[in-house]
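The next block holds one structure in the form of structure tokens; read it before the comments.
Taken together, the values in this text are just the output of simple stated rules run on the coordinates, not laboratory data. What you are looking at is a predicted structure, and each value in this text was computed from that prediction instead of being measured. Cβ coordinates were reconstructed from backbone atoms using ideal geometry, including for glycine residues, and neighbour counts include every protein chain displayed.
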Amino acid sequence: MKKLKELIETYQDFPNKGIEFKDVLGIIQEPRIFRELILEMSSSQIIKNAEAIISIDARGFIFGSAIALQASKPMIVARKPGKLPGNLIEKDYKLEYGKNSLSVQKKALQKYNSYAIVDDLLATGGTVNCVFNLLESNHKKVVGLLVVIELKKLAGRLKFKFPVESSISL
């Protein structure tokens, strides 16, 4: 995992002043390391306990789709506004640098009752909490969260009553 940390770039004041943006895209440029990460994440008990994976727009899709493929689990996407067609379920949320909303196709949730949430990074937990509320309001269960990076000082995990696993803590 030391090599993982070396592949993460930090950009100061992006997207807004005062934010230290952690960019995970270097990981996917190293196939051997990316494969090891996906094998580790897909073997998590959280993934094993879930019927499906729900990945968060946009970098969560990279990791979620690879984990879903490796674990032979279906993947549902939680997308930002205006990105999904059909009958949608939408929830608003606040970020450390603004606000947004996420949508899921209602039809996509019908087949599965338990979900593992996958994203690239856990900061304050606003995005994950939005997905949790979206699922809970539709009588679905979250069995846990998997992220590549967790920003410990922001204590996002303390907002959740489900397990949280991170490959890297910064």
If amide H atoms are modeled at 1.01 Å from N in the peptide plane, then the residues at a separation of 5 or more from Gly125, or on another chain, having amide H under 5 Å from its own are none
Find which of Thr127, Asn113, Val164 sits farthest along the positive direction of the dipole of segment 34-170, computed with +1 on the beta-carbon of Lys and Arg, -1 on that of Asp and Glu, about the Cα centre. Asn113
Of all trypsin sites (Lys or Arg not before Pro) in segment 1-75, which ones are in loop regions per DSSP and have a Cβ with at most 10 other Cβ atoms within 10 Å? Lys17
Compute the distance from the alpha-carbon center of segment 107-132 to that of segment 134-164, in whole Å. 7
Give me the dipole magnitude in Debye, nearest 20, for segment 1-102 about the Cα centre, with unit charges on the beta carbon: positive for Lys and Arg, negative for Asp and Glu. 140
Honestly the chain on the Cα gyration tensor test (a ≥ b ≥ c root eigenvalues; a/c under 1.5 rounded, otherwise a/b vs b/c for prolate or oblate) is just oblate
Label-to-label distance, nm, for residues given as Asn100 and Glu51 (7 Å Cα→Cβ offset): 2.8
With +1 on each Lys and Arg Cβ and -1 on each Asp and Glu Cβ, and nothing else charged, work out how big the dipole of the chain is about its Cα centre, in Debye to the nearest 20. 440
Using a Gaussian network model of the chain whose springs link C-alpha atoms within less than 10 Å, name the residue from Gln45, Gln29, Gln70 with the highest mean-square fluctuation. Gln29
Please work out the FRET efficiency for the pair Gln29 and Gln110, using the Cβ-Cβ distance as r and a Förster radius of 25 Å; give the result to the nearest 0.05. 0.10
Once you put a point 7 Å from the Cα of Glu90 and another 7 Å from the Cα of Lys152, both along the Cβ direction, what distance in nm separates them? 3.9
For the chain, built as a Gaussian network whose Cα springs stay under 10 Å, the top-fluctuating residue of Gly64, Gly26, Gly18: Gly18
In 10 Å bins starting at zero, report the fraction of Cα pairs in segment 61-105 per bin as a rounded %. 26, 38, 32, 4
Roughly how big is segment 117-170's charge dipole about its Cα centre, with Cβ charges of +1 (Lys, Arg) and -1 (Asp, Glu), in debye to the nearest 20? 220
Could you pull out every one of the lysines with an alpha carbon less than 17 Å from that of Lys161, ignoring same-chain neighbours closer than 8 positions? Lys140, Lys141, Lys152
Would you look at the GNM of the chain, springs on alpha carbons closer than 10 Å, and say which of Lys83, Lys94, Lys141 moves the most? Lys83
Tabulate in residue order the Karplus-calculated ³J(HN,Hα) for segment 40-45, using 6.51 cos²θ - 1.76 cosθ + 1.60 with θ = phi - 60°, rounded to whole Hz; enter x for Gly and Pro. 5, 5, 6, 8, 4, 4
